[in-house]
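Below is one structure, written out as structure tokens; comments come after it.
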Amino acid sequence: MLLPLLLVLMGVHVASSDAVGNDRFGRLDTGVSGCRLTQAERSMGCQRLQLSQTSTIGLRIRFIGVSEEDPGQTHQLTFVMGPGTGDPVLSCQNGRCRLAAASWSGTITSSSLVVFDQRGLPIGLPSNRPTTGACRINERRLNCESQTRDGLQRSAEARL
């Protein structure tokens with residue numbers, strides 16, 4: 001008796017949350033030009049950019065590039081953002097997003113660099129660290145600059 005009622009209530013809750021929150025969550029995955037990512041003065045090219053909107057205030061920005069020294073390896077530099085200023089950076093519908101803001105800035109709360117081999121398996125552990133810094137979109141250019149507590153600098157930029 002209680003189980004059918006619980007299932008009905010869960011179904012109503014899931015359906016209503018999907019309808020209300022559908023435009024707040026999703027990902028933009030795109031090729032970019034003029035893309036570079038840098039860690040501790042070591043610079044690498046990048047070819048893809050992923051922006052994942054996880055809530056009305058959360059955003060994950062990931063720069064992805066193939067290693068110039070070992071073409072089988074892929075680098076991913078990720079910045080996790082707190083609340084941004086201005087309009088939301090993405091406009092999403094059914095999980096698919098497009099760039100919505102001509103200018104935007106947000107505060108970086110953490111960053112991570114991970115390297116994958118040609119099979120897509122991580123090489124070592126990701127270097128995830130609390131970080132201070134900011135990402136900005138201006139004139140179709142995305143620029144992120146950060147520094148960890150121990151002084152490690154990470155940055156990336158791409159033309160959108």
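Here is how the numbers come out for the structure above:
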| item | result |
| --- | --- |
| Scan of region 116-135 for residues that are open to solvent by less than 30 Å² (accessible area, probe 1.4 Å) and β-branched (Val, Ile, Thr), ordered by number | 131 |
| Lone unmet requirement of (1) open to solvent by less than 20 Å² (accessible area, probe 1.4 Å); (2) at pLDDT 90 or above; (3) under 17 Å from residue 132 (Cα atoms) for residue 60 | (1) |
| Any chance residue 38 is closer than 17 Å to residue 109 by Cβ and in contact with a Lys or Arg (Cβ under 8 Å, 6 or more places away or on another chain) | no |
| Strands (runs of 3 or more DSSP E) lying entirely in region 47-133 (those with 1 or more residues that are free of Cβ contacts under 8 Å to residues at least 24 places away in the same chain) | 48-53, 59-66, 74-85 |
| Residue 119 vs. criteria under 17 Å from the mean Cα position of the chain (by Cα) and not small (Gly, Ala, Ser) | no |
| Number of positions in region 80-98 that are open to solvent by 40 Å² or more (accessible area, probe 1.4 Å) and at pLDDT 80 or above | 6 |
| Among residues of region 136-158, those that are open to solvent by 30 Å² or more (accessible area, probe 1.4 Å) and under 16 Å from the mean Cα position of the chain (by Cα), counted | 6 |
| Answer residue from region 1-57, given it is in contact with a Pro (Cβ under 8 Å, 6 or more places away or on another chain) and open to solvent by 90 Å² or more (accessible area, probe 1.4 Å) and is modelled with the highest pLDDT among those | 57 |
| Residue 72 being surrounded by fewer than 16 Cβ atoms within 10 Å (Cβ to Cβ) and more than 17 Å from residue 138 (Cα to Cα) | yes |
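The values are calculated or read from the model by the stated rules, or taken from the named source; none is laboratory data. What you see is a predicted model, and the numbers here were worked out from it, not measured in a lab. Cβ sites come from the backbone with ideal geometry, for glycine too, and all protein chains shown count toward neighbours. Quick note on the areas: whole protein, heavy atoms, side chains included, nothing else; ligands and nucleic acids left out. Shrake-Rupley method; radii C 1.70, N 1.55, O 1.52, S 1.80 Å.
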